[in-house]
Amino acid sequence: MNNTYKYFKLAIPVFFLFGFTSCIHDDIVDYFAKDTETLESYLASHDIQYRKTSTLPSGGSVYITPPNEGSRELPGDNDARIFEVNLDLRRFAQEYIGDPLFDQNPDDLVTHAFLKDSTYTFAMRRGAICLGATDATLNTIFPNEVLDRIYVPSYLAFGGTSSSGLGLQFNDIVTLEDFEVRALRGASSQALHEKELALQYAKDSIDGFTQIENDTLYNTTRSVVDENYFGDDQPLELADNIVKHTIQEGTGDVVAAGDTVKVRYEGKFIDQDGAVFDSNTESGDAAFQVVVYESAKAAQDANALSTVINGWYKALRTMKIGEKAVFVMPSHVAYWETGDNPNTSDLFKTIRPFKTLVFTIEIKEDEQ
């Protein structure tokens, strides 16, 4: 979506519809009016001072406590701003409002965290994890303003969505805790930031790493990340900035475009305590077969039945059969601004936008 203003105009009615239907969860309810009454009555009962935003073109507000005066430049056509924020997203247990056992002070009803990500990063042109978080960003002064608590009504949160795994219930009101905009970047500065993150991670966390061993991958090769990023068919092209460290030298041929290889791999994040998000290294796991192309775009143009991220195609073509290596890949050679699923909220993604990833890849000779 290249026009966030239009996104806001269209998304609000969609969220209303989502809240109304709730998968036929209950009778149709006007959650705009219901949540407004619920929140404003609750805040008044606890004498909580707030600022009610009026940023979104189609209406709807979040409640900033204590009130601030900040307001940021609104989105426009082809908005290229990238925001890094401290995200602590929590459930507000509205069902206990007024219950003397549970509702004694303003912290009592702010319960478990749906997601905590101190480096959550999103592209304004796509919007944040929910419309309320986007609105909060637009109303936070950068830098150095921390908003203690922001109440987000359900129609600006996750509407009629529920998830038992996350503890998200239908039409939940949520809060943003200690919300802060930590960085504001463009595409080039985001890529530079992740380049530095990748190198620092290698220095700090990869055993035996001393220096860049493949300067071509790190500084020379480039990729078109988006063919129409700036509008009017203006592409975004960036250096790949992939850090490679060889663990075990290969003895076979160098992998080339057109080859088919079977690989063992482990993928993890450089943040989130190095959590592993995917692997096939356990006993009984099948090797992963990859048809190698010059790039992800080349694979797409060839209508490949199965594809991998662009960084993998670049990495594999530096490897020999029998080699095992670690690659640190900035998001612009992975999932960039969409994360691993462009059609769902960031709350439900395994890999959120702008995440630098670490892959250990092995091409075992006896499996080829």
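Where a number appears in this text, it was derived from the coordinates with a stated rule and is not lab data. Bear in mind the structure is a predicted one, so any value in this text is a computation, not a measurement. With ideal geometry, Cβ positions are generated from the backbone for all residues, glycine too; neighbour counts draw on all protein chains shown.
Rounded to 0.05, the FRET efficiency of the ALA257 and SER162 pair, given R0 = 45 Å and the Cβ-Cβ distance, is 0.50. Dipole orientation for segment 4-185: of the candidates VAL181, ASN105, GLY167, VAL181 has the Cα lying most toward the positive pole (charges on Cβ; Lys, Arg +1; Asp, Glu -1).
Across the chain, Cα-Cα distances exceeding 26 Å account for 56% of all pairs. If you average the sequence gap of Cα pairs under 8 Å that are 6 or more apart and divide by the length of segment 65-162, what percent do you get for the contact order? So the answer I get is 37 percent. Sort segment 290-346 into rounded, prolate or oblate with this rule: let a ≥ b ≥ c be the square roots of the eigenvalues of the Cα gyration tensor; rounded if a/c is under 1.5, and if a/c is not under 1.5, prolate when a/b is larger than b/c, oblate otherwise. Taking the square roots of the gyration eigenvalues as a ≥ b ≥ c, segment 290-346 is oblate. Normalised Debye scattering of segment 4-185 at q = 0.12 Å⁻¹ gives log10 I(q)/I(0) of -0.53, counting only Cα atoms as equal scatterers and leaving out solvent. Against the chain, whose longest principal axis is taken from its Cα atoms, helix 187-205 shows a tilt of about 70°. Share of pairwise Cα-Cα distances greater than 20 Å in segment 176-248 is 47 percent (whole percent).
Of LEU147, TYR120, GLN94, which is farthest towards the positive pole of segment 4-185's charge dipole, taken about the Cα centre with +1 and -1 on the beta-carbons of Lys, Arg and Asp, Glu respectively? After comparing all options, I get TYR120. With the simple model of a label 7 Å out from the Cα in the direction of the Cβ, ASN280 to GLN368 spans 1.7 nm.
Over all alpha-carbon pairs in segment 260-361, figure out the percentage whose distance exceeds 18 Å. Summing the P(r) tail past 18 Å for segment 260-361 gives 50 percent. Can you figure out the FRET efficiency of GLN234 with LEU115, using R₀ = 56 Å and their beta-carbon distance, to the nearest 0.05? About 0.95, to the nearest 0.05. Of MET124, MET319, MET329, which is the most mobile in a GNM of the chain whose springs link Cα atoms less than 10 angstrom apart? Maximum fluctuation in the GNM of the chain, among the listed residues, is at MET319. Spin-label pair GLU95-ASP226: with each label point 7 Å from Cα along the Cα-Cβ axis, the two points sit 4.0 nm from one another.
In this simple spin-label approximation, GLU213 and LEU192 carry label points 7 Å from Cα along the Cα→Cβ vector, and these lie 2.9 nm apart. The mean sequence distance of close C-alpha pairs (under 8 Å, at least 6 residues apart), as a share of the length of segment 187-319, puts its relative contact order at 18 percent.
Count Lys and Arg as plus one, Asp and Glu as minus one, and take only other residues whose Cβ is under 9 Å from that of PHE122; the net charge is then -1. Normalised by residue number, the volume inside the convex hull of the Cα atoms of segment 187-367 is 133 Å³ per residue. Amide H contacts of ARG182 (H built 1.01 Å from N, in plane; Pro and chain starts excluded): GLU84, VAL85, ASN86 sit under 5 Å, all sequence-distant by 5 or more or on other chains.
Please report, in debye to the nearest 20, how large the charge dipole of segment 4-185 is about its Cα centre when each Lys and Arg carries +1 at its beta carbon and each Asp and Glu carries -1 there. Dipole about the Cα centre, nearest 20: 840 debye. Rounded to the nearest 20 debye, the dipole magnitude of the chain is 620 debye, with +1 charges on Lys and Arg beta carbons, -1 on Asp and Glu beta carbons, and the Cα centre as origin. Using a Gaussian network model of the chain in which every pair of alpha carbons under 10 angstrom is joined by a spring, one finds that among LEU109, LEU138, LEU357 the greatest mean-square fluctuation is at LEU109.
Charges were assigned to the Cβ only: +1 to each Lys and Arg, -1 to each Asp and Glu. The resulting dipole of segment 187-367 about its Cα centre is roughly 100 debye. Straight-line cross-link partners of LYS52 among the lysines, defined as a Cα under 20 Å from its Cα and at least 8 positions apart when in the same chain: LYS9, LYS34.
Sequence-ordered 3J(HN,Hα) estimates for segment 351-360 from the Karplus curve with 6.51, -1.76 and 1.60 and θ = phi - 60° stand at 10, 7, x, 6, 9, 6, 10, 10, 10, 9 Hz, glycine and proline given as x. Entry note, segment 184-245: relative contact order of 33 percent, from Cα contacts under 8 Å with a spacing of 6+ residues.
Each residue of segment 146-153 was assigned a 3J(HN,Hα) from its phi angle through the Karplus curve 6.51 cos²θ - 1.76 cosθ + 1.60 (θ = phi - 60°); the sequence is 10, 9, 4, 8, 10, 8, 10, x Hz, with glycine and proline shown as x. For the chain, the longest principal axis of the alpha carbon atoms and the long axis of helix 4-21 meet at an angle near 70°.
Seen from LYS324, the other residues with C-beta closer than 15 Å to its C-beta sum to a net charge of -4, counting Lys and Arg as +1 and Asp and Glu as -1.
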